[in-house]
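Remarks on the structure that follows.
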Amino acid sequence: MLRLLRTRNFSLLWWGGLISNMGDWMLLVGLSYEVYRRTESTLGPMGTVISFLLPSILLGSIAGVFVDRWDRRRLMVWVNIVLAILLLPLLLLNVTGVWIAYLVLIASSCVETLFQPAQTALVPRLIEGTEAELVTANSLIGVSMHLARLIGPAIGGVAFAVGGLLAVTLADAASFLISAGMLALIRGPSFRPVRTDSIEHAAASAWNRVVAEWRDGLRVTRSHPILRSLLYFMSITRIGEGLTWVLFVPWVVVALHSDQAGYGALLSTQAIGGVAGAIVIGRYANRINPLFLLIGGALLFGMIDLGLFTYPAVFPHIWPALIVMVVVGVPGAAMQASWVTLPQMHTNDSHRGRVMGAIGTVGALGSLVGALLGGILGTVVPVVALLIVQGTGYVIGGLVVIAMTRGERVAAAPELG
C-alpha cells in the first residue's frame, strides 16, 4: 500500500489533496460558525448547503465534457489557483454582510465541479501499476480525505479563535496554492484524454460539440449495467446522507442527550474510523472484486447505521455510538473506494470525466433532496424515524446494484491509461 506513496506522481497528488482538504475543513469550521452567528437562524447554514450543492447539480454533468477535453493535470492546477482567488471576497464580510459568503460558495462550487472528475480520471494514469491497484490508490485518497477531516477542524478552530475568519480564509487560500504547486510538479508525456473524434464532430459548431459530447457521456453511463447501477445507487443513498447532514446534531442532542463536546467527539471518531477503514481496505481488499466491495460495504454499512441511529431509543448513552463510528469506517471505506474504482475500470479514458460528472450530479441532487426533507420534516417527525432512511437507503442501494449487475464481471475497459 505504501509503495504507491513512494511513486512520485501519485505522492504529489496525495499530499496536495491532503493539504487543500485540510484548508477546506479549517474554513468550514470558521465560516459555518460565522454564518450562524450573523443570521441567528438555521436557515443560514441551510443556505450554505444549498449554495454548495446547486452548482454540482446544474453543472456537474456538463463539467465532465471539459474534463474529457483538456489536460487534466493542468486543469486541476488552474482550478486550485482560481479557488484561492475566489475566497478573497470573504475578507470583506464585515463590510458586505453574510450574502457574500453565499456568492463565494456558489462561485467556488461551480469551479470545483471540474476538479473531482479530473482527479478520478487522472489517477489511473499515475499509479504505474495494474488495475488491482486502483482500489488501493482510491483507498489512499480516502485516507487523505479523512485525515484532513480529523486534523483540519482542530487547527481551524484554533486559527478562528485567534485570527477570526481572516485567518482561516487566508489559510484555505494558501492551501489551494500549495496544492496547485504540487500538482504542477507531476510529470508525464501528456495528461490529455486519449480520444478520437469523427470529422463530422470536428466540423460542428462549438455549442453542438459540447451538447454531442455531453449526450455521449450520458449514453456511455446509461448503457453499461454497472455504471447505470451506480446512478441509482448514488441517487438512493445520498438522500439519506442529506438528511443526516441536517439532523445529525439534533440526534446527538435529543436522542443521545449529549452536547457540543459529544458532537465533537463523534465527529473525531468518525474521522478516525474513516482513516482506519481506508487503510484496511487499501491493504487487504485490492484483489477483491470492486463490485462485491460496493455491495457488501453498502449492506453492512446500512445495517450498522440502522443500529446506530435507533439504539438510543432503549439505551440513550453516547459511548456505543463512539465505538460504532470507528467500526463503520471499514464498510464505508469499501464503498468509497469501490464506487470510484468501478467507473475508472469500466470507462475509456476519453469518457471518464463525463461519467464521473454524471454520477456526481445524481449524488448531489439526492443530497439536496435529503437536506430539504430533513429541514422540513425535522420539525414534525421524530429525528430517529427520519435517520432510519439513511441505513435503509444503503441496504436498498446494495440490493439494487445486485439486481442490476447480475452476471456482470468486473473487467477493465479497453483502455486504462
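One table, with the values for the structure above:
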item	result
Residue that is modelled with the lowest pLDDT, among those in the range 37-95 that are under 20 Å from R352 (Cα atoms) and polar (S, T, N, Q)	S61
Residue in the range 406-415 that is under 22 Å from L300 (Cα atoms) and outside any loop (DSSP other than H, G, I, E, B) present	no
Of all residues making up the range 1-32, the number that are surrounded by fewer than 21 Cβ atoms within 10 Å (Cβ to Cβ), of a type in the set (G, A, S) and either within 22 Å of A167 (Cβ to Cβ) or in contact with a Phe, Trp or Tyr (Cβ under 8 Å, 6 or more places away or on another chain) (or both)	1
Residue match in the range 143-150 (condition: of a type in the set (D, E, K, R), over 23 Å from G274 (Cβ atoms) and in contact (Cβ under 8 Å) with a residue 60 or more places away in the chain)	no
Single residue of the range 368-384 satisfying the filter (in a loop (DSSP other than H, G, I, E, B) and without any contact (Cβ under 8 Å) to a residue 60 or more places away in the chain) that is surrounded by the fewest Cβ atoms within 10 Å (Cβ to Cβ)	V380
V355 vs. criteria of a type in the set (V, I, T), closer than 24 Å to T120 by Cβ and out of contact with any Cys (no Cβ under 9 Å at 6 or more places or on another chain)	yes
Output for the range 220-250, where each listed residue is over 22 Å from V355 (Cα atoms) and out of contact with any Gly (no Cβ under 6 Å at 6 or more places or on another chain)	T244, W245, F248, V249, P250
Qualifying residue in the range 273-283 (condition: touching a Pro at 6+ places or on another chain (Cβ under 8 Å), in the same structural domain as R406 (by TED's automatic domain parsing), farther than 22 Å from H257 by Cβ and at pLDDT below 90)	yes
When residues of the range 303-321 are limited to those that are touching a helix residue (DSSP H, G or I) at 6+ places or on another chain (Cβ under 7 Å) and among the aromatic types (F, W, Y), the one surrounded by the fewest Cβ atoms within 10 Å (Cβ to Cβ)	Y311
Scope the range 308-324; condition touching a residue at least 24 places away in the same chain (Cβ under 8 Å) and not aliphatic (A, V, I, L, M); matching residues	F309, T310, P312, P316, H317
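The values are calculated or read from the model by the stated rules, or taken from the named source; none is laboratory data. Owing to the predicted nature of the structure, the values given are computational and were not obtained by experimental measurement. All Cβ positions, glycine included, derive from the backbone under ideal geometry; neighbour counts span all protein chains shown.
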